[in-house]
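Structure first, then comments.
Derivation of every value follows stated rules applied to the coordinates shown; laboratory data play no part. None of these values were measured; they are calculated from a predicted model. Because the Cβ atoms are built from the backbone with ideal geometry, glycine has one as well, and the counts that use them run over all protein chains shown.
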Amino acid sequence: MSRIITIASQKGGVGKTTTALNLGYGLSRAGKRTLVIDGDPQGGLTAACNLKKKTARGLLHVLEEEIDAAGHPAGFLFHENLAILGSGAIDANDISRLEEAAEQGQLVPAIQRLAAGFEYVLLDAPVGVGRIARALLSASDFYLIVINCKAGTMKTLPRMMRTAEWVRAEVKPDLRFLGVLVNMYDGDSSPEKKIYAYFKASLSRNFFFDTVIPLDDRFERASFHSVPVAMLRQGENPFFPHASLAGELLARTADTAAPGGPAPAGEGGPRRDEDDFFMDRLQELCEKNGYSSALLADEMGLSLTSCNCTIDTDALAAFTSVLADSLEKAESVLDQEDPNNITLEVNESDRIILHRFKALNSTYFLLLTGPRAAVFPGTIEETVAAIRARLTG
Ligand SMILES: Nc1ncnc2c1ncn2[C@@H]1O[C@H](COP(=O)(O)OP(=O)(O)O)[C@@H](O)[C@H]1O
Ligand SMILES: [Mg+2]
């Protein structure tokens with residue numbers, strides 16, 4: 001029985017193709033007969049292993065000629081267990097043919113036909129959940145998501161999970177989510193370390209693969225030479241994370257594996273009990289003191305919780321950390337006495353208050369909006385004390 005896995009992402013250039021090739025290689029090295037299919041009409045995988053040198057035929061021809069498993073044009077490359085099938089798409093006509101096939105439901109049986117005889121089939125998907133990606137997902141038993149550890153990308157995680165949930169509901173109810181793979185992780189970057197720690201702590205245990213693929217020039221070099229990274233001279237070292245990812249994937253797709261693990265859609269953000277506690281404090285502050293809205297953010301500009309905010313809280317939280325960089329300057333420019341308590345009068349009657357405070361060794365921001373008449377700042381101190389006590393446990 002073969003296991004078919006789509007490698008998807010919400011953003012381009014995060015490393016789907018690199019993952020498909022190197023993970024495929026890792027699975028083949030672990031003794032699994034593996035097929036990697038280029039499901040992206042842009043042909044990323046086809047180029048990444050210079051497949052055209054071997055054959056111009058690919059998925060498109062499988063569709064058109066109804067080729068069966070024995071006769072399919074996949075090339076066996078790099079390792080005896082590893083077959084790679086290009087997209088076969090060369091021009092715009094071919095791309096629309098693939099899209100049409102996806103729309104008409106022809107991709108699914110074609111992929112399932114191809115999968116016969118392989119233990120693992122990896123589908124390198126185009127970015128997002130367009131027609132082709134949806135068809136690949138419906139042909140799959142599992143999917144995994146590749147992501148980079150940049151704040152902008154990570155913040156799309158909850159949305160991505162909602163999309164994935166939508167795919168599951170609309171496209172294939174028994175599709176299983178394997179996890180999120182962090183690729184191009186820069187362990188020397190302090191923001192990346194903090195972002196990763198934040199999301200790892202906030203989300204359920206198996207949400208991320210334990211293996212993280214580091215940012216490493218050698219992937220770029222391997223890509224230039226059209227080979228998996230392990231095929232470079234002294235490539236065993238940079239290959240190690242994908243070997244370990246292959247091990248994790250085998251465990252997560254084993255029949256005996258505990259079901260699910262990963263969080264259901266929309267479970268991003270802080271843990272639920274903390275969320276409730278902060279939310280209650282903010283609500284109290286607004287109700288008792290006449291503020292119209294409140295937002296609590298951490299130093300990365302990630303929203304912990306908010307109350308009555310009528311605009312995008314992610315954007316607002318991101319703004320707090322940007323603003324924080326200018327707080328010291330604001331002292332003189334905005335004629336403020338204390339950079340930890342900035343008050344801006346926005347019109348005749350309303351104002352915005354940005355309060356910065358520390359808990360443990362981290363900085364947090366409380367952003368409030370409300371009428372000038374709202375009480376300030378003694379009551380904020382009480383709320384902050386309660387939040388700080390909770391954060392420091
Ligand atoms: N871990 C990594 N470290 C350094 N470069 C990487 C890494 N993973 C991928 N790359 C490079 O980043 C670029 C985009 O990767 P690719 O796999 O084509 O992304 P996608 O398929 O998601 O568009 C490629 O040039 C690739 O060589
Ligand atoms: Mg790609």
Taking the Cα atoms only, what angle lies between the long axis of helix 16-29 and the longest principal axis of the chain, rounded to 10 degrees? 50
Between A20, A47, A373, where does the largest GNM mean-square fluctuation fall for the chain, given springs only between Cα atoms within less than 10 Å? A373
Can you list residues from other chains, or at least 5 along the same chain, whose modelled amide H is less than 5 Å from the amide H of Y185? I213, L215
Using amide H atoms built in the peptide plane, which far-off residues or other-chain residues are under 5 Å from L304 H to H? L296, A297, D298
Over the chain, calculate the relative contact order: mean separation of alpha carbon pairs under 8 Å at least 6 apart, over the residue count, as a percent. 15
For the chain, find the longest principal axis of its Cα atoms and tell me its angle to the long axis of helix 313-325, 0 to 90°, nearest 10. 70
Please arrange F208, F240 by how many other C-beta atoms lie within 10 Å of their C-beta, fewest to most. F240, F208
Checking L85, L107, L367 against a Gaussian network model of the chain (alpha-carbon springs below 10 Å), the top fluctuating residue turns out to be L367
Can you return the lysines within cross-link range of K194? Criterion is Cα-Cα under 28 Å, with same-chain partners fewer than 8 residues away left out. K11, K16, K150, K155, K329, K358
For the Cα atoms of the chain, what angle does the longest principal axis make with the long axis of helix 378-391, in degrees from 0 to 90, nearest 10? 40
Please list, in order along the range 126-141, the HN-Hα scalar couplings obtained from phi with the Karplus expression 6.51 cos²θ - 1.76 cosθ + 1.60 (θ = phi - 60°), rounded to whole Hz, x for Gly and Pro. x, 5, x, 10, x, 4, 5, 4, 5, 5, 5, 5, 6, 7, 9, 8
